[in-house]
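S.K.: Sharing a structure with you now.
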Amino acid sequence: DGGITQSPKYLFRKEGQNVTLSCEQNLNHDAMYWYRQDPGQGLRLIYYSQIVNDFQKGDIAEGYSVSREKKESFPLTVTSAQKNPTAFYLCASSMGLKGEKLFFGSGTQLSVL
Amino acid sequence: DAKTTQPPSMDCAEGRAANLPCNHSTISGNEYVYWYRQIHSQGPQYIIHGLKNNETNEMASLIITEDRKSSTLILPHATLRDTAVYYCIVRIRGETSGSRLTFGEGTQLTVNP
């Protein structure tokens, strides 16, 4: 079945450590996105990518980095510069930046030890 | 994008219709109304979208008022699995879908047995 796979489901980060969240899709979608969700809040856009080797900052990119070396993959690194990383992270994809529907992964819960 | 207003929570009895309202009084003529839902600790799921005509699919119906300032999402026979946060979003079709999708806090629908 086609879909978006995020891993791991739960992740713990120590102070000063970088961690990478995985996002893989087999929907042949061009566009991919990373959102952050805090408890009781809506989704905020971190980064998005329209094509391989290209990506743009969203509304809250500080302290995060991404890469898009393959169409299927869009990993997110939460760096030590992100001082409040505890949140639920969601990856999504769409046919293109003008597609109507976003397809979401099941999310990664990141917590700081 | 136009701002939307939704009630924070609603209850519905299992098997009955769930009617979720959304106000978007500042909507412009080329802005579409989209609905997504998010079951706890999962990624949001696309439900339906429309411009001015009523829309129906296998999941729900969307009723948009003639002046387009409000809409109602209808789940005709709610089940316990429909318990989720429902997001109403207004967006210009054709714009960058991910970067402009502002989810807000939505309506927590609880379906009771």
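S.K.: Taking θ = phi - 60°, what integer Hz values does the Karplus form 6.51 cos²θ - 1.76 cosθ + 1.60 yield along segment B:13-20, in sequence order, with x for Gly and Pro?
M.R.: With coefficients 6.51, -1.76 and 1.60, one gets 7, 4, x, 8, 6, 9, 10, 9 Hz.
S.K.: Taking the Cα centre as origin and putting +1 on Lys and Arg beta-carbons and -1 on Asp and Glu beta-carbons, what dipole magnitude results for chain A, to the nearest 20 debye?
M.R.: Here the size comes out at about 200 debye.
S.K.: If I measure Cβ to Cβ between cysteines in the protein assembly as shown, which ones have no partner under 4.7 Å?
M.R.: Cysteines of the protein assembly as shown left without a disulfide-compatible partner: B:C12.
S.K.: Dividing the Cα radius of gyration by the Kirkwood radius, what Rg/Rh value follows for the protein assembly as shown?
M.R.: 0.98
S.K.: Something else about it: How do B:T4, A:T86 rank when sorted from fewest to most other Cβ atoms within 10 Å of their own Cβ?
M.R.: Ordered by Cβ neighbours within 10 Å, fewest first: A:T86, B:T4.
S.K.: Hey, what's the per residue convex hull volume over the C-alpha atoms of chain A, in cubic angstrom?
M.R.: Cα convex hull per residue, to the nearest whole number: 96 Å³.
S.K.: If you place +1 on the Cβ of every Lys and Arg, -1 on the Cβ of every Asp and Glu, and leave all else neutral, what size is the dipole of segment B:1-77 about its Cα centre, to the nearest 20 Debye?
M.R.: 100
S.K.: Sticking with this structure for a sec: Can you run phi through the Karplus equation (6.51, -1.76, 1.60; θ = phi - 60°) for segment A:87-93 and list ³J(HN,Hα) in whole Hz, with x for Gly and Pro?
M.R.: 5, 9, 10, 10, 9, 9, 9
S.K.: Quick one: order B:E55, B:E66 by neighbouring beta-carbon count within 10 Å, fewest to most.
M.R.: Fewest-to-most ranking of B:E55, B:E66: B:E66, B:E55.
S.K.: Right, another one. Let me know the charge dipole size of the protein assembly as shown about its Cα centre in debye, to the nearest 20, where only the beta-carbon of Lys, Arg (+1) and Asp, Glu (-1) is charged.
M.R.: Dipole of the protein assembly as shown, to the nearest 20 debye: 320 debye.
S.K.: Now for a separate question. If each of B:T5 and B:T56 carries a label point 7 Å out from its Cα toward its Cβ, how far apart are those two points in nm?
M.R.: 3.1
S.K.: May I ask what percent, to the nearest 5, of DSSP beta bridges between residues of the protein assembly as shown are antiparallel?
M.R.: Once the DSSP bridges in the protein assembly as shown are tallied, antiparallel ones form about 85 percent.
S.K.: Still on this model: Neighbour counts of other C-beta atoms within 10 Å: give me A:V19, B:V90, A:V112, B:V33 arranged from fewest to most.
M.R.: Neighbour counts put them in this order, fewest first: A:V112, A:V19, B:V90, B:V33.
S.K.: Using only alpha carbon pairs under 8 Å that are at least six residues apart, calculate the relative contact order of chain B and give it in whole percent.
M.R.: 36
Coordinate-derived values only; no laboratory data. This is a predicted model, so every value here is computed, not measured. Please note: Cβ atoms are built from the backbone with ideal geometry, for glycine as well, and neighbour counts cover all protein chains shown.
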